[in-house]
Structure formats: C-alpha cells, structure tokens
Amino acid sequence: MEKTLANNKVEFHDNVLTCFGKTFFYFESFSSLKIDDLEKYDAIIIDAFDIEFTRIIIKKFRSHAGMEFYLKPLFLINNKATEDPYIKELSDGIIISFDQIPETINDINQINMKITRLETSPSSSFEIQVFKKALNYMFTREINTLKPITDINSTIGYCYPVLSVNFDAFEEGKVLEILEWAEKEHLIWPDFQDRVYLCSNCKGGHLSFREICPNCDSANMRSEDLVHHFPCGYIGAISDFKNNIDTVLNCPKCSKNLRHIGVDYDKPSVINHCQNCNDVFQDYLVKAKCIQCKTDTDVQFLISKDINLYKLTKKGRNSAVGGIYTSDYELNHEIAGTLDFKTFSTMMHYEQERTKANVTLTSNLVVFYFENIFDLYKIVSKSKEKSLLGEFVTIIRDNITPADFICINNPSIISICVNDVAFENANLMVLKITDMIEELVRDNFEKFEIAVVSHVALLSKSQSFDKQIQTIIKELVEKT
Amino acid sequence: MIEAVDGFFSYISAVGPSKLLRIFWFFVFFEFARFFIFELTVLIIWKLREPQRKERYANARRRLFIERPLVSVIVPGKNEGKHIYKLANSLKEQSYTNFEFIVIDDGSDDDTERICKSLQKNGLIDLFLRNDVRGGKASAANLGYRFSKGKIVVHLDADCSYDSDAIEKIIIPFYLDDAIGAVGGNILVRNYKDSLCATLQAIEYSDTISVGRITSSYLGIYRLVSGAFGAFKREALDRVGGWDIGPGLDGDITVKLRKLGYLIVFEPDAVCQTSVPETFRKLVKQRLRWDKSIIRFRVRKHRDVFYPNATFRFSNFVSSAENITYNLLLNIKWWIYLVDMVVNYTSLLAFVFPFNILLYTANNFLKFMVFSLFRKRKNASIVYFIPYLPLMVIYFGFYLRLVRSVAYVQEFFFKRSYKDSWNPAKSSNHAKKLGI
C-alpha cells in the first residue's frame, strides 16, 4: 500500500512513514519483524487498539538494553489504550491520525538532541545499569519524578513504569530494591504515597487477608455478641439467651426476659467459635495468604514497603549526563582514620548516651557536602578519587582532636563527630576546614572552585542520630 | 506503780470466782469457751482421725491421677495485668498439669489487655477473655466459667501465688466424697513483714481463718469458699448458675451450694499466699465490705435456711446461725457488756478493763501456741509473731469490732453494700431492687 497524506507531507509505504526526512515504523500487529530490525527508524507509531498489544510492544522497546531502542520515540495512534497510565508514561505522545505526524518531528528532534548529551560509560553494577536507563529516559523526556501507579499486573500492586518496564511483573520487588538503593545514593528523594504489605516468602503483594482460628487456622468461624444480664450476673453468648419459640431473649440463669439494653443487660464484648475445632476465642488471628506462592503468613511478619513518589535530586538529574557516582564502601577501609557509616552510627549512639548521662558534655555533628565533587571526579581519574578524598580527610583530621571520628558517607558527603567542643568553636573549625579544602582544590585543579556546604549541629539528646543526620543531609542537598 | 499492781492482784484474790464470772461472763462463755475450748476439742478429734483421713486421701489422689480430669483455672479481675505474669509462672510449676488457664479482664483501663494478649500468644494463658465494659467480679467469673471446659473450676485471685501442689491439693477432696460441691483453699499472708497491720492480719488469718476453717469444715458448717482460692465442681456451678452479684459473692455461692445439699470442705494443705492491706485505712475499707455481706446474704438473702421447709438442713441452719451469732449478735452483745460494766461497775472500771485485756492477751497467747500444733503450714516461725500478740487485743477486741459494728449499721439500716463501687451500679441497682 502506498499513499500520501497530510498535504503531501507524509508518505506511507509498507508500514513505513516518511515525513520531513524522518522515517516512522507503523506497528499495527504482531509480526515476524524483530525489534532489532527497527533501529534505523527515527520513531515508532503503535496502533494502540488493544491495551495488551500496546503494552507488549512498548515493553519490547523500553526494556531493551540498547539505548537506541529504549530511548526510541514511540507514539500512539488510536486512543483505546491510552487510558492506561503505564502506556501513557512510556510513550511520547498520542496522535489522532497520520496527518498529525509532522507535529511529532520537533519532539523527536528534542529527544535525539538530548540523547547525544548522555553519558555512555559502562555501568559498574546492575543497579546502576538499570537506574541509569531510567535516568536517561527521564532526562530525554524531561521527567523529574518517578511516579508510582496502581497496576493489577504488578505483584506488589504498584509499578514505576520507567523502571518496572525492565522487569517482569513478578519481579516488581526488585524495582523497590533499586529505588531504595538510589535513595541511599541521594539520587532521588522520597515523598510518601502509600504503603504495601508483601509476602515474606516471595515479596508478592497479592494477598488474601483472612480472620482465622488461632488454634486450627480455619477461617470457618462464627462470631457472637456476649450478653451480660445485670440482675443475676450471668454472661454468655447471645445464643444462650435465645429460644426456639420467639425472638425474646431469656436469661438462662434466672429465666427473666431481657428488655432494655443498657438498663437490664448490655453487650460488653464478642466471642468467636471455630466451626472446625470448636475452640472459643475473642481475638482471631489475621493471616495473609499469598496468591502467588500460597504461603500463609501472620500479618505481623509481612514485609511493609513504602510506595513513594520519587523526585530526582540535583545529583540524580546530573547523573544522566555525568554518570552515576556511588558511595564506595571500601573507601573507609582504604582511607585511614575513617569509619563506615554503620560503625559511625553505632558510635554516635554511644556518644548520645554519654552526653545524656552528663549534661555538661556536648558533642557536635558536622556534615560536609561537596556539591560539585562529581565534576571534579570527572577531571581526575577514578584512581585519584580516593587520594582526593584522602587529602580532604587529612585536612579534617589536622583540625580535630584524636578523639573525634570521621565517616565518609559517600564520595560527596563526609560527617564528623566533634566531641567536647563548644558549638561556636566547632563552627570556627568548620570554616577553617572549608577554606583549606577550597584552597587545596584551587591550587591543584586550575580554575576549579569546589562548592563546599556544611552544617554544624549539636548532637541531639532526644532525636535518634539516624534521623538527625538524615534531616541534615536532606537539608544540605536540597539547599543546593 | 508497784502499789497499783499489788492492789490489782489483791483485789482479784479478794473478789472470788462467782463475782469474777459475773464481771467477765462475756469472755468466759463466748470467747474462751467457743473459740478456745470448743475449737481445741474439735481439733484434737480431727487430729486423732488423721491416720484414717490419710488413707482415704491417698485413695482419692490415686483416683484423681487415674482420671486426670481437665481443670479450669479462672482468674477474673480488673487492672490485674501486673500480677498475671507471676501467676502464670507459678501455675507452670504445678504438680497437676491438666488444666486450662483462663484470664478474664473485666474492663481494665490499664495495660492488662496488652499484657494478657502477649501472655496468651506465648502460651502462658490458654484463653483470655475481655469485657470492654466493666460488669463486676461476678460477671467476669461467670464469663470464665461459661467458656471453661473443665470438670472442676478453680477460682483464683490474680494477686495471689500458689504452692506448686496447690491445684492438686484443692481438687483431691472431690474424690473423697461425690457430695462435695466446693473446696476452699488455705490462705496465708505473704506480706506479713511489710507493716504492723499486715502482721496482725497474718496472726488473724492463721488463727481464725486457717484453724477456724479446719474446725468448721470438720463439723460440716464451713461457710465460705474464698474467692482467692476455691474449687467448684462444674455440675454444682451449673446448678446454681455461677456467681451472683457481690460484694460477698464467695460467701453467697457457698450458701447456695449448701442449700442444694452439696458438702463444702476446707483443704488446709492447698496453700495460697495473698497480700493483705498494709494500712489500717485500707483494711477498714476491705472489712466494711466483708462484714456487710453477713447482713446482706445471711440475714436477708439466705434467711430461708432458718425456715422449716422442704429444703431445710440442720447443718445449714447451724452454719448460718453460728455465723450470725458470733459475728453479729455477739458484736451487739459486746456493746451491751460495755454498757453493763459502765453502769453497774463504774467504780470497778479501772480494774475491769485491765483485767479484760489481761485475760484476752493470755487467751491469745494460749490459743496461738496451742493451735500452732495443728497448723499444717506456717508462713513464719511462731517466734516472729509473739511480740505482736499483745496487740491482738486491740486489733480484735476494739478495731475489728468497731469496724464490724459500723458495717452492720451501714448495711442493716442503709443497705450500703449496694452502693459499693466494688460492683458497678448498673448491676447493684438491680440486685437491690430484687433483694439479692
């Protein structure tokens, strides 16, 4: 079939459309055509007549390992499937007819232009690889948030289309793990939306909650009100008071009729009878049966996960073009005199207890955030990163006492516990360290001005240390 | 001082026996004759029959362990959570193990619910039942009994602790005689060292309660299965429909069972330790509640035990009559005696009162020493209590007597037990209306 559309601007030939020098492949049905054969096209137009079909095609592109596929502009025609937020999120626009194709040219150019800016060095880990894909997609589409959407196909009931597309529906738990990792790396900030409970065995979220007998786990139960007859003190299930003749309740102890609730009787509680084992109890157990793996779990043992809307941090936004720099946990072993965060956190808890025990003692928590250190890391080679941080640590160590301890949270954040020093002195000390670090960088890297942001706080005696440092880091990172 | 003492003794020797009897008739005929001579006689007979009793007891124990019936241990109470863990642990040590432990929370407003649910989850409580709205001790006990499955129901108080063979010992008597409907346990004072008030109560418990109940049980007139430790045959509880509204529900249910012809016995070997009020103010509150129940239940609700009708039983008649006589009537008589002395022997008051105190103190010493030979369990050496014995005259003779008199007046003329906050007003109002 060959025809010309839209004022002779669009040509259509064997599912290939040409418009202003751009070629579009029109996907209207499953065919033997392999996705890999479509690299040469500038964009894809999918006939979204069916949600399932559209999802499958979109997933084929967006989950592809190659940038030229997963970042390929995809447009939808035929609006049936466009109600699906998953599809909406992963497509680049909707057109009513081929006549609108010229309007997509600008979007395609924008995307292609942004693709050229992306950093393409090989990723060092699976998390980085997957998250970098998502960052690349978000950067080229100017998306700043990872928004969860409810999805019946997802095992946890929610999905983050940009990330989830890389996994099968039953692997949605892995998406949460990657998001947790990215949050820890300060690439994204969470904004709570909902909470889900997942099977402790398979991390599935399709659970059937049932009230069951604590003795035999059967859900076959009968619940009854307890009735207390005031005049004689009898108390029992309401069935004790019922008779076969009328609807009047009679006390089995004193045979009197129960007339007025609150006056001669009340219902102080309920009682449950198990129809399976005849056990009697007031509190049934609530268990969740996983539809996926059939495991029956006490609700208290379910895994609780927060479903957040994630906003990209500045670091996250920069990572698409600058690459993802992660915290190197070995740094602490390699840079003498520093602690990993876990040890630092434990010691800070002890420090809190010490200051609580003696009100005259104070400790200061100092956090340095090197805002543009990743730009500096790009200048120095990877092997020099540790030396650079080592130099920073030496400067810090020279300005604190041997009893103070240093933690490298990640390559851009260093925390210090400064003991038994007045808050004002700690501030002066921080200013001195900042000056020295800035001078060091200026002297060694011509014209590079490192942006050092710091925060000094008295170690809280009431708030948990983890919460305190989290708040400080959040404020520092958001401030920049 | 020496002259006064000399004069006192010269006067006694000069007065002569008949006049002494006229002045001290109250002591001679009631206190000494009833509470020492009579009880001692019964105790001697009881002791002499011990070998036969031992054999029957061994047989009953054998039958119990062959049958091994399920026993339901029910613990009703409000805000008792703090005691339940200790109690659950003491029950874990019991020599008789086939029992279900049921705790009934009567609308507690503290941590009781949380504690008990946790204990239930950890298997220390078999069944935890809670009334969100308080219904009173009777309704809580009835709830436990309603959902218990045991052939025997043992009623405990949460703040007590029990000997490791207490459950076994309290249920053995049911295998001595099928007519036994309830068994009362022996209660000792755990906190006897904590205050003077507690020490005096410990002496009272070991005399009046432990020894007194051995004799009344032996004579078949035992009238109070204590709520702190009592066992009931399920069939008997079914017939009386469980507990009626209190205060005094333990005495009430005992009479109800007696009226149905059940034997009620005391088991001195089944030992429970309880904490008694540590201040005299708290003790007054407790005793006012206890003493009012004589009027409410013996004199009013169960006065039919004195009527010569079809259900009349001589033992019930004696049991109630003895209780009313020695608690209520003699209390009134004591005031008459006081007036008699003041009116007729005004000039001798300086002699009468010291001599009375001397007599009572001597009697207390004698009783305590002699009865110690019959006590099976003691919470401390008798030597510990000896320094406190002189104070028992004031404790028994004045303090408790005065409290009792006030309680009788309050209940007889004003029916104050129905206003006691110990029981919720919603049920007390009905009880008052129905006269129960």
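Remark on B:Ile180: its backbone amide H falls under 5 Å from those of B:Leu263, a criterion applied only to residues 5 or more positions apart or on other chains, H modelled at 1.01 Å from N. Loop-located chymotrypsin sites (Phe, Trp or Tyr not before Pro) across the stretch A:249-355 with a Cβ neighbour count of 13 or fewer within 10 Å are A:Tyr329, with loop assigned by DSSP. Taken one residue at a time, the phi angles of the stretch A:35-47 give Karplus couplings (6.51, -1.76, 1.60, θ = phi - 60°) of 4, 4, 6, 9, 4, 5, 7, 6, 7, 10, 10, 9, 7 Hz. Gly and Pro are set to x. Annotation: amide H-H contacts under 5 Å for B:Gly150 (H modelled 1.01 Å from N, sequence separation of 5 or more, or interchain): B:Ser72. Along the stretch B:331-337 the Karplus relation, 6.51 cos²θ - 1.76 cosθ + 1.60 evaluated at θ = phi - 60°, assigns HN-Hα couplings of 5, 5, 4, 4, 5, 5, 4 Hz to successive residues, with x for each Gly and Pro.
Taken about its Cα centre, the stretch B:41-128 carries a charge dipole of about 780 debye when Lys and Arg each add +1 at the Cβ and Asp and Glu each add -1 at the Cβ. Taken about its Cα centre, the protein assembly as shown carries a charge dipole of roughly 6420 debye when the Cβ of each Lys and Arg holds +1 and the Cβ of each Asp and Glu holds -1.
Each label point was placed 7 Å from the Cα along the Cα-to-Cβ direction; for A:Ile303 and B:Ile332 their separation is 8.0 nm.
Once the C-beta distance of A:Asp398 and A:Glu119 is scaled by a Förster radius of 30 Å, the resulting FRET efficiency is 0.25 to the nearest 0.05. Neighbouring Cβ atoms from other chains, within 10 Å of the Cβ of residues in B:129-139, number 6 on average. The order of the peptides A:424-434, A:409-419, B:123-133 by mean Cβ neighbours within 10 Å, most packed first, is A:409-419, B:123-133, A:424-434. Take each residue of peptide B:228-241, count the partner chain Cβ atoms within 10 Å of its Cβ, and average: the result is 1. Calculated FRET efficiency, A:Asp194 to B:Asp132, Cβ-Cβ distance, R0 = 30 Å: about 0.40 to the nearest 0.05. As a calculated quantity, the FRET efficiency between B:Phe317 and A:Asp217 at R0 = 60 Å, using C-beta atoms, amounts to about 0.60. Across B:Ile180, B:Ile209, B:Ile336, mean-square fluctuation computed from a Gaussian network of chain B (C-alpha pairs under 10 Å connected) peaks at B:Ile336. Spin-label pair A:His260-A:Gln292: with each label point 7 Å from Cα along the Cα-Cβ axis, the two points sit 5.9 nm from one another. Ordered by the count of other Cβ atoms within 10 Å of each Cβ, fewest first, B:Asp304, B:Asp165 give B:Asp304, B:Asp165.
May I ask for the net charge around A:Val248, where only other residues with Cβ less than 13 Å from the Cβ of A:Val248 are counted and Lys, Arg are +1 while Asp, Glu are -1? Within the 13 Å Cβ shell, the charges total +1.
With neighbour counts taken as other beta-carbon atoms within 10 Å, the residues A:Cys251, B:Cys116, A:Cys216 rank, fewest first, as A:Cys216, A:Cys251, B:Cys116. For A:Leu198, the residues 5 or more places off, or on other chains, whose built amide H falls under 5 Å of its own are A:Ile303, A:Ser304, A:Lys305.
Return a whole-number percent for the relative contact order of the stretch B:122-249, with Cα pairs under 8 Å and 6 or more residues apart as the contact set.
39
Taking other residues whose beta carbon is less than 14 angstrom from the beta carbon of B:Phe24, and scoring Lys, Arg as +1 and Asp, Glu as -1, yields +1. Charged side chains reduced to their Cβ positions (Lys and Arg at +1, Asp and Glu at -1) give chain B a dipole of some 920 debye around its Cα centre. Within 10 Å of the Cβ of each residue in A:263-276, the mean number of Cβ atoms contributed by other protein chains is 3.
Label 7 Å along Cα→Cβ of B:Gln52; the stretch B:162-186 residues with amide nitrogen under 15 Å? Those under the cut-off are B:177. Mean residue ellipticity, 222 nm, helices only, chain A: the sum of -39500 (n - 2.57) across DSSP H runs of n ≥ 4, divided by residue count and rounded to 500, is -10000 deg cm²/dmol. In straight-distance terms, cross-link reach from A:Lys294 covers every one of the aspartates and glutamates whose alpha-carbon lies under 20 Å from its own, apart from those fewer than eight places away in the same chain; here that gives A:Asp168, A:Glu171, A:Glu172, A:Glu211, A:Asp217. Measure off 7 Å from each Cα along the Cα-to-Cβ vector at B:Leu260 and B:Arg62, then give the distance between these two points in nanometres to one decimal. Distance between label points: 3.1 nm. For chain B, the mean residue ellipticity at 222 nm estimated from helices alone is -15000 deg cm²/dmol, where every DSSP H run of n ≥ 4 contributes -39500 (n - 2.57) and the total is divided by all residues, rounded to the nearest 500. Mean sequence separation of contacting Cα pairs (under 8 Å, at least six apart), scaled by the length of the stretch B:65-165, corresponds to a relative contact order of 44 percent. The order of A:His260, B:His83, going from fewest to most other C-beta atoms within 10 Å of their C-beta, is A:His260, B:His83.
All of the numbers you see were taken from the coordinates with simple rules; none came from a lab. Being a predicted model, the structure only gives us computed values, none of them experimental. Ideal geometry is used to build each Cβ from the backbone, glycine not excepted, and the neighbour counts take in all protein chains shown.
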